[in-house]
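Trainee: The structure that follows is given in the form of structure tokens.
The values are calculated or read from the model by the stated rules, or taken from the named source; none is laboratory data. Since the model is a prediction, treat every value here as computed from it, not as a measurement. Every residue, glycine among them, receives a Cβ derived from its backbone with ideal geometry; neighbour counts consider all protein chains shown.
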């Protein structure tokens, strides 16, 4: 059984996802699902997927990455995982912006969805660019899917 990731390690994986999503949003105005894995020595490792299609179905890519991260957990190589997706913030949450980064953040005994609402602003007249305005993140406790509870618990 693996040792759970520390709060600092989980924060590192979350920040990796926020920063990478921001870069992708500024560069392209969108992003495909991606992830990060925390190794036993505390390193954050980027996780991406290629389904052989330059414009893959986002749900299929999310499922592919989820299965890959689950395999890393089962093998003992991952003590924590973060799986990021570009989503609409669910209507039951009152937020300033409806678009959002959602990070599924898990370790043994810990599972949350972290939502980071954002808005894109197009700037510049001659040289167009995209700025990302993030709002306050919030978390929702969820049942673990990548770190299931041991049998009998």
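Trainee: Check residue 51 against each of (1) at pLDDT below 95; (2) more than 21 Å from residue 118 (Cβ to Cβ); (3) surrounded by 16 or more Cβ atoms within 10 Å (Cβ to Cβ) and name the one condition it does not meet.
Mentor: Condition not satisfied by residue 51: (3).
Listed here are the residues, each with its yes/no results for (1) surrounded by fewer than 17 Cβ atoms within 10 Å (Cβ to Cβ); (2) farther than 20 Å from residue 18 by Cα.
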| residue | (1), (2) |
| --- | --- |
| 73 | no, yes |
| 76 | yes, yes |
| 81 | no, no |
| 84 | no, no |
| 91 | yes, yes |
| 98 | yes, no |
| 101 | no, no |
| 104 | no, no |
| 111 | no, no |
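Trainee: Return the only residue of 27, 50 being over 13 Å from the mean Cα position of the chain (by Cα) and outside any helix (DSSP H, G or I).
Mentor: On the way: 27 fails: outside any helix (DSSP H, G or I).
Being over 13 Å from the mean Cα position of the chain (by Cα) and outside any helix (DSSP H, G or I) holds for just one of 27, 50, which is 50.
Trainee: If you scan segment 36-68, which residues turn out to be farther than 18 Å from residue 6 by Cα and touching a residue at least 40 places away in the same chain (Cβ under 8 Å)?
Mentor: Result: 66, single match.
Trainee: Looking at (1) assigned to a strand (DSSP E or B); (2) in contact with a helix residue (DSSP H, G or I) (Cβ under 9 Å, 6 or more places away or on another chain); (3) farther than 24 Å from residue 12 by Cα, which one does residue 56 not meet, given that it meets all the others?
Mentor: Here residue 56 meets the rest and fails (1).
Trainee: Is it true that some residue in segment 124-136 is in contact with a strand residue (DSSP E or B) (Cβ under 7 Å, 6 or more places away or on another chain), free of Cβ contacts under 8 Å to residues at least 40 places away in the same chain and not in a helix (DSSP H, G or I)? Let's see the steps before the verdict.
Mentor: First, pick out the residues of segment 124-136 that are in contact with a strand residue (DSSP E or B) (Cβ under 7 Å, 6 or more places away or on another chain): 128-135.
Within this subset, residues satisfying the condition of being free of Cβ contacts under 8 Å to residues at least 40 places away in the same chain are 128, 133.
Filter again for not in a helix (DSSP H, G or I), leaving 128, 133.
Within segment 124-136, one or more residues are in contact with a strand residue (DSSP E or B) (Cβ under 7 Å, 6 or more places away or on another chain), free of Cβ contacts under 8 Å to residues at least 40 places away in the same chain and not in a helix (DSSP H, G or I).
Trainee: Could you check segment 1-17 and list, in sequence order, the residues that are crowded, with 18+ Cβ neighbours inside 10 Å and in a helix (DSSP H, G or I)?
Mentor: Hits for segment 1-17 are 9, 10, 12, 13, 14, 16, 17.
Matching residues to (1) in contact with a helix residue (DSSP H, G or I) (Cβ under 6 Å, 6 or more places away or on another chain); (2) modelled with pLDDT under 95; (3) part of a strand (DSSP E or B); (4) closer than 16 Å to residue 48 by Cα:
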site: 72; (1), (2), (3), (4): no, yes, no, yes
site: 77; (1), (2), (3), (4): no, yes, no, no
site: 82; (1), (2), (3), (4): yes, no, yes, yes
site: 85; (1), (2), (3), (4): yes, no, yes, yes
site: 100; (1), (2), (3), (4): no, no, yes, no
site: 104; (1), (2), (3), (4): no, no, yes, yes
site: 112; (1), (2), (3), (4): no, no, yes, no
site: 118; (1), (2), (3), (4): no, no, yes, no
